[in-house]
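Q: Structure in structure tokens, see below.
The values are calculated or read from the model by the stated rules, or taken from the named source; none is laboratory data. Since the structure is predicted, the reported quantities are computational estimates derived from the model, not experimental observations. Backbone-built Cβ (ideal geometry, glycine too); neighbour counts: all protein chains shown. Protein only, heavy atoms only, side chains kept; ligands, DNA and RNA dropped before computing areas. Shrake-Rupley method; radii C 1.70, N 1.55, O 1.52, S 1.80 Å.
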Amino acid sequence: MNKMEKALNELGHMDELAVQESPVHAMNAGAKLLCTVIYILVVMSFNKYDLSGLIPMLLWPVFMYQMSGIPVRTCFYKLRIVLPLVMAVGLFNPIFDREIMLHIGNIGVSGGVISMLTLMLKGVLCLMASFLLVATTPFDNICAALRRVHFPAMLVTLLLLTYRYVGVMTEELAVMTDAYHLRAPGQKGIHVSAWGSFLGQLLLRSMDRAQELYSSMLLRGYHQHFHYAPIKPFKFSDAVFLILSIAFFAIVKYVNVSELMGMFLVR
Amino acid sequence: MIAFENVSFAYESGEPVIRDMSFRIEDGEAVGLIGANGAGKSTIMKLLLGLVQGEGRILVDETEVNRDNLSTIRHKLGFVLQNSDNQMFMPTVYEDMMFGPLNYMVSREEADKRVDEILDRLDLQHLKHKYNHKISGGEKRMAAIATVLAMEPEAILMDEPTSALDPYNRRIVINTIKELSQTKIITSHDLDMIMDTCSRVILISKGSIVADGKAEDILSDKELLEANHMELPLSLSRNG
Ligand SMILES: Nc1ncnc2c1ncn2[C@@H]1O[C@H](COP(=O)(O)OP(=O)(O)OP(=O)(O)O)[C@@H](O)[C@H]1O
Ligand SMILES: [Mg+2]
């Protein structure tokens with residue numbers, strides 16, 4: 001199995017995760033989607049120096065992972081390629097923003113360091129929440145939920161096709177890498193001189209395949225409605241979940257939980 | 001009824017692939033489309049399904065194939081693609097089989113019943129809950145055929161249904177095709193299979209029909225076949 005096939009298996013594994021059974025899997029897709037969106041908005045809304053305020057937001061995804069039976073490390077493992085990119089976003093802050101904001105013992109911590117950490121944490125939290133949604137809800141159901149809230153049909157179809165396209169492209173990449181190495185034994189990676197044609201071929205091939213896949217969907221009656229992916233009904237428990245989650249976000253956002261806990265500890 | 005009336009077609013900026021082609025297939029007929037690689041067999045199917053548009057008229061039950069009535073046409077036709085990797089897109093075989101019927105508003109219970117019946121008929125129950133990315137090429141081909149049968153189309157188009165199949169599954173597919181009462185159009189280089197399943201054969205070469213007639217006549221015409229990159233079916237070459 002080459003690297004690409006492994007990647008592909010992991011994509012397939014996402015589908016497998018999404019059909020497991022747990023209280024989180026059993027939830028209404030719309031409720032989960034809404035909650036995830038609100039969560040991400042709230043996380044993004046924190047001030048860039050408010051690291052201590054943001055930390056309690058970690059509790060929600062951690063709790064949800066517990067409930068869903070999906071280990072948090074699965075998320076970090078699957079996202080190991082994206083994670084560093086997200087983390088890199090704030091890397092330069094410490095260089096530009098050197099004003100000392102806080103002292104731990106007698107080491108001064110600059111605003112840049114704090115805003116870097118805050119940004120990193122924001123990125124990680126958003127990734128964790130999005131991953132949880134995708135890992136506990138079949139992708140077609142997420143699309144169905146988006147349609148339910150009147151998200152434009154074109155965009156939903158595009159989203160669905162993108163999701164499938166990634167799979168197709170990985171598959172083609174796997175086949176082509178194998179074919180290349182069979183004829184270039186002992187070479188590590190793909191020689192620079194072949195990059196152009198390799199990339200061109202990859203795009204053409206995966207586009208052709210994606211086109212056929214889409215045709216195949218159309219031929220079997222796909223018309224941007226998702227009757228085939230029924231959303232689990234919105235139950236009382238979903239309402240409770242939604243209210244509790246939003247209440248939690250509001251508390252973390254408007255009450256300084258860390259300070260509060262600190263006060264308790266000091267007493 | 002399926003009819004081509006003076007149909008021509010070329011892919012963008014290329015040579016014509018289908019040249020002024022006309023034929024008519026009546027309800028319930030089983031027709032084999034044969035011809036060398038690149039003759040235009042798959043293209044004929046794509047034209048019929050409205051996946052590509054050419055000149056001339058294509059009729060399915062007196063309805064012309066054009067942009068406005070694609071969904072009516074496609075509801076009537078089931079298509080098994082040449083490449084099954086591109087046919088299956090849901091996570092599991094079961095979900096893939098349910099996709100078509102549910103889109104056409106068949107109830108879930110009814111669709112479930114269909115799926116089980118077809119899986120039994122094809123001896124595929126063991127694949128039901130398998131993930132599409134974890135089954136072999138031949139298994140995927142069988143599953144693709146199952147997804148199309150689950151739609152209960154009025155006519156079935158199959159592009160190379162037996163390629164990639166082992167003899168056991170090839171036999172199951174042949175027997176299944178024989179049992180279907182629908183109109184069937186099958187392309188293949190497996191002339192023995194065509195011999196077994198089709199009563200009529202249309203031979204295509206470079207986008208034109210070179211022969212159209214009874215299967216046993218065309219498939220036993222050694223010279224005609226060899227002139228078109230094919231050989232007598234094994235069953236005939238042994239006897240004769
Ligand atoms: N997407 C495309 N773009 C341009 N040309 C194409 C495309 N698809 C097929 N062709 C050309 O059209 C001709 C007919 O192709 P078609 O796929 O219909 O052949 P076929 O009879 O099905 O062959 P095979 O037995 O190999 O499946 C070929 O010459 C091919 O090169
Ligand atoms: Mg073909």
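Q: Find all pairs meeting these conditions: Cβ atoms under 7 angstrom apart; at least six residues apart or on different chains; first residue within segment B:96-108 and touching a residue at least 40 places away in the same chain (Cβ under 8 Å) and at the interface with chain A (Cβ under 7 Å from one of its Cβ atoms); second residue part of a helix (DSSP H, G or I) and not small (G, A, S).
A: As it stands, the answer is B:M98/B:V115; B:G100/B:T147; B:Y104/B:H75, since those pairs meet every condition given.
Q: From the set of residues in segment B:94-128 that are part of a helix (DSSP H, G or I) and of a type in the set (K, R), which is least open to solvent (accessible area, probe 1.4 Å)? Steps first, answer last, please.
A: Narrowing segment B:94-128 to residues part of a helix (DSSP H, G or I): B:94-103, B:108-121, B:125-127.
Still in the running and of a type in the set (K, R): B:108, B:113-114, B:121.
Values: B:R108: 90, B:K113: 143, B:R114: 28, B:R121: 89 Å².
So the residue we want is B:R114.
Q: I would also like to ask the following. One residue is enough: does segment B:198-214 have a residue meeting the conditions touching a strand residue (DSSP E or B) at 6+ places or on another chain (Cβ under 6 Å), at positive phi and open to solvent by less than 20 Å² (accessible area, probe 1.4 Å)?
A: Taking every residue of segment B:198-214 in turn, at least one turns out to be touching a strand residue (DSSP E or B) at 6+ places or on another chain (Cβ under 6 Å), at positive phi and open to solvent by less than 20 Å² (accessible area, probe 1.4 Å).
Q: Follow-up. Would you mind telling me which numbered condition in (1) open to solvent by 40 Å² or more (accessible area, probe 1.4 Å); (2) of a type outside the set (D, E); (3) touching a residue at least 24 places away in the same chain (Cβ under 8 Å); (4) over 24 Å from A:M57 (Cβ atoms) A:N141 fails?
A: Of (1) open to solvent by 40 Å² or more (accessible area, probe 1.4 Å); (2) of a type outside the set (D, E); (3) touching a residue at least 24 places away in the same chain (Cβ under 8 Å); (4) over 24 Å from A:M57 (Cβ atoms), only one is false for A:N141: (1).
Q: I need a count of the residues in segment B:22-54 that are within 8 Å of ligand 1 (Cβ to nearest atom), open to solvent by 50 Å² or more (accessible area, probe 1.4 Å) and assigned to a loop (DSSP other than H, G, I, E, B).
A: Looking only at that region, the number is 2.
Q: Please tell me if A:S245 is among the hydroxyl-bearing types (S, T, Y), part of a helix (DSSP H, G or I), within 14 Å of chain B (Cβ to nearest Cβ) and open to solvent by less than 60 Å² (accessible area, probe 1.4 Å). Spell out how you get there, then give the answer.
A: Working: among the hydroxyl-bearing types (S, T, Y): yes; part of a helix (DSSP H, G or I): yes; within 14 Å of chain B (Cβ to nearest Cβ): no; open to solvent by less than 60 Å² (accessible area, probe 1.4 Å): yes.
For A:S245, the condition - among the hydroxyl-bearing types (S, T, Y), part of a helix (DSSP H, G or I), within 14 Å of chain B (Cβ to nearest Cβ) and open to solvent by less than 60 Å² (accessible area, probe 1.4 Å) - is not met.
Q: Shifting gears a bit: Output the residues belonging to segment A:218-232 that are farther than 12 Å from A:K32 by Cα and assigned to a loop (DSSP other than H, G, I, E, B). Don't jump to the end; show me each part of the working.
A: Taking segment A:218-232 first, the residues farther than 12 Å from A:K32 by Cα are A:218-230.
Hits for segment A:218-232 are A:R220, A:G221, A:Y222, A:H223, A:Q224, A:H225, A:F226, A:H227, A:Y228, A:A229, A:P230.
Q: Ok, one more. Going by the conditions given, is B:P91 touching a Pro at 6+ places or on another chain (Cβ under 9 Å), open to solvent by less than 30 Å² (accessible area, probe 1.4 Å) and away from ligand 2 (no atom under 16 Å from the Cβ)? Before you say what the answer is, go through the steps one by one.
A: Values: touching a Pro at 6+ places or on another chain (Cβ under 9 Å): yes; open to solvent by less than 30 Å² (accessible area, probe 1.4 Å): yes; away from ligand 2 (no atom under 16 Å from the Cβ): yes.
Yes.
Q: Here's a follow-up. Taking the stated definitions as given, is B:G78 under 27 Å from B:E231 (Cα atoms) and either within 16 Å of ligand 2 (Cβ to nearest atom) or not polar (S, T, N, Q) (or both)? Lay out the reasoning, then the answer.
A: Working: under 27 Å from B:E231 (Cα atoms): no; either within 16 Å of ligand 2 (Cβ to nearest atom) or not polar (S, T, N, Q) (or both): yes.
Taking the combined requirement at face value, the residue does not satisfy it.
Q: Among the residues of segment B:162-187, what is the count of those that are modelled with pLDDT under 95 and within 16 Å of ligand 2 (Cβ to nearest atom)?
A: Here the count works out to 3.
Q: While we're here: What's the number of the condition A:A184 fails, among (1) open to solvent by less than 50 Å² (accessible area, probe 1.4 Å); (2) assigned by TED's automatic domain parsing to the domain that holds A:E21?
A: For A:A184, the failing item is (2).
Q: Of all residues in segment B:55-73, which are part of a helix (DSSP H, G or I) and open to solvent by 20 Å² or more (accessible area, probe 1.4 Å)?
A: First pass over segment B:55-73, keeping only residues part of a helix (DSSP H, G or I): B:67-73.
Those that are part of a helix (DSSP H, G or I) and open to solvent by 20 Å² or more (accessible area, probe 1.4 Å): B:R67, B:D68, B:N69, B:L70, B:S71, B:T72.
Q: I would also like to ask the following. Quick check: is even one residue across segment B:29-49 more than 17 Å from the chain's Cα centre (by Cα), within 16 Å of ligand 2 (Cβ to nearest atom) and in contact (Cβ under 8 Å) with a residue 40 or more places away in the chain? Let's see the steps before the verdict.
A: If we filter segment B:29-49 for residues that are more than 17 Å from the chain's Cα centre (by Cα), which is where we start, we get none.
Scanning segment B:29-49 turns up no residue that is more than 17 Å from the chain's Cα centre (by Cα), within 16 Å of ligand 2 (Cβ to nearest atom) and in contact (Cβ under 8 Å) with a residue 40 or more places away in the chain.
Q: Which numbered condition trips up B:N83, out of (1) within 16 Å of ligand 2 (Cβ to nearest atom); (2) buried (at least 21 other Cβ atoms within 10 Å of the Cβ); (3) at the interface with chain A (Cβ under 8 Å from one of its Cβ atoms)?
A: (2)
Q: Still on this structure, I have one more. Only one of A:I95, A:I114, A:I100, A:I107 is of a type outside the set (D, E, K, R), farther than 20 Å from A:W60 by Cα and surrounded by 14 or more Cβ atoms within 10 Å (Cβ to Cβ). Can you tell me which? It would help to see each step written out before you state the result.
A: On the way: A:I95 fails: surrounded by 14 or more Cβ atoms within 10 Å (Cβ to Cβ); A:I100 fails: surrounded by 14 or more Cβ atoms within 10 Å (Cβ to Cβ); A:I107 fails: surrounded by 14 or more Cβ atoms within 10 Å (Cβ to Cβ).
Matching residue, one of A:I95, A:I114, A:I100, A:I107: A:I114.
Q: Would you say B:R19 is within 15 Å of ligand 1 (Cβ to nearest atom), open to solvent by 40 Å² or more (accessible area, probe 1.4 Å) and modelled with pLDDT of 95 or more?
A: Working: within 15 Å of ligand 1 (Cβ to nearest atom): yes; open to solvent by 40 Å² or more (accessible area, probe 1.4 Å): yes; modelled with pLDDT of 95 or more: yes.
Yes: the conditions hold for B:R19.
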